[in-house]
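Worksheet: the structure to be examined is printed underneath.
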Amino acid sequence: MSEKIIEIKSIAKKFGLFEAVKDVSFHVNQGDVYGFLGPNGAGKSTTIRCMLSLIKPDSGTIKIFGKSIFTDRNEILSRTGSIIEKPDFYKYLSAYKNLEIFSRLSRVSVGKKEIYKMLDFVGLGGREQDKFSSFSHGMKQRLGIAQTLLHNPDLIVLDEPTTGLDPQGIIDIRNLILRLKNEQHKTVILSSHNLAEIEIICNRMVIINKGVSVVEGDVKALMNNEDLVVRIEVSDKDKSKALIMSQYPNIHITDINETSIELPLEKSKISELNKDLVNAGIGIFSIEAKRKLEDYFIKMVNA
């Protein structure tokens, strides 16, 4: 059984009369890339700030590496790296000089060779002496991750690291997170609104909504418990809907366009439905089965 790196139990936090977090609990295992999901206003940022001791919860417990954040803060943070919101550096200094300064501020002894190696790891090899102001948004994010690695932390917390990135930038950050797990054996907690990325990257996740934990578990297991959403493009949509409703009277069918519909369906029923439509003389142009985290997320937060 994997060691629990983070254990959060029933934390709550108010700002005046506003309850930002009401009852959030979850745990992160060693080696996890852990997805921390929720809509805007769900309490994600407040929870992360409590976890990193930037603010203190009103109630509940937070243990990291088996120790309380309230009594062993310095020891915990010495083993933790984080990016909260966007990383910020000295604009007119080079990537190398910025990391050198931050290593001194952090009282971490890191030599030039190690800094160059770190920059190469995050994909900034050859740009060590370029000024931060010349970097793209994606490069700035990668430099931020390099900064979190200066003291070789065991746990890395990334809050919305792909916000504002183009598709290539998102892929770069995704691959970097996977390298942190697979090559450097880091435990990563990833807060993100990019749900498709969470599905690709993370092995475990929690969804919170309105300050409360809604569901937690293995990403693949949670997805496998959900019916597939099947999109069918047919020659006669109305006839297809009538046939499906006759067999599944309680099923919800969604119109996509003039020729396509979507419906939830078990995997074992797809070939049977295909056969029935063909036997009814309905032309089938395509059948696409999907199980996306977006669908699951929307279902949970609207429950």
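Descriptive notes on the structure:
- Where Asp32 falls short, out of the listed (1) among the charged types (D, E, K, R); (2) crowded, with 20+ Cβ neighbours inside 10 Å; (3) farther than 30 Å from His137 by Cα: (3)
- Taking the range 195-303 and the helices (runs of 4 or more DSSP H) fully enclosed by it, the elements with 3 or more residues that are farther than 30 Å from Asp23 by Cα are at 237-247, 270-279.
- Some residue of the range 175-182 being farther than 21 Å from Pro87 by Cα, of a type outside the set (Val, Ile, Thr), without any contact (Cβ under 8 Å) to a residue 60 or more places away in the chain and assigned by TED's automatic domain parsing to the domain that holds Gly125: yes
- In the set Lys67, Lys113, only one residue is of a type in the set (Lys, Arg) and within 21 Å of Ile5 (Cα to Cα); that residue is Lys67.
- Looking at the range 1-114, the helices (runs of 4 or more DSSP H) lying wholly inside it that each contain 1 or more residues that are farther than 25 Å from Lys131 by Cβ sit at 44-51, 73-77.
- Hey, Lys9 exposed (fewer than 15 other Cβ atoms within 10 Å of the Cβ) and either of a type in the set (S, T, N, Q) or over 20 Å from the mean Cα position of the chain (by Cα) (or both) or not: yes
- When Ile62, Ile76 are screened for being of a type in the set (A, V, I, L, M), free of Cβ contacts under 8 Å to residues at least 24 places away in the same chain, more than 22 Å from Asn194 (Cα to Cα) and surrounded by 15 or more Cβ atoms within 10 Å (Cβ to Cβ), only Ile76 passes.
- Note on the range 132-191: among residues that are among the basic types (Lys, Arg) and either touching a Ser or Thr at 6+ places or on another chain (Cβ under 7 Å) or closer than 22 Å to Leu54 by Cβ (or both), the one that is modelled with the lowest pLDDT is Lys140.
- The number of residues in the range 205-227 being aliphatic (A, V, I, L, M), over 15 Å from the mean Cα position of the chain (by Cα) and crowded, with 20+ Cβ neighbours inside 10 Å comes to 0.
- Residue within the range 197-204 that is buried (at least 21 other Cβ atoms within 10 Å of the Cβ), touching a strand residue (DSSP E or B) at 6+ places or on another chain (Cβ under 7 Å) and closer than 17 Å to Asn40 by Cα present: yes
- Residue match in the range 159-167 (condition: within 17 Å of the chain's Cα centre (by Cα) and in a strand (DSSP E or B)): yes
The values are calculated or read from the model by the stated rules, or taken from the named source; none is laboratory data. Worth saying up front: this structure is predicted, and the values here are computed from it rather than measured. Ideal geometry is used to build each Cβ from the backbone, glycine not excepted, and the neighbour counts take in all protein chains shown.
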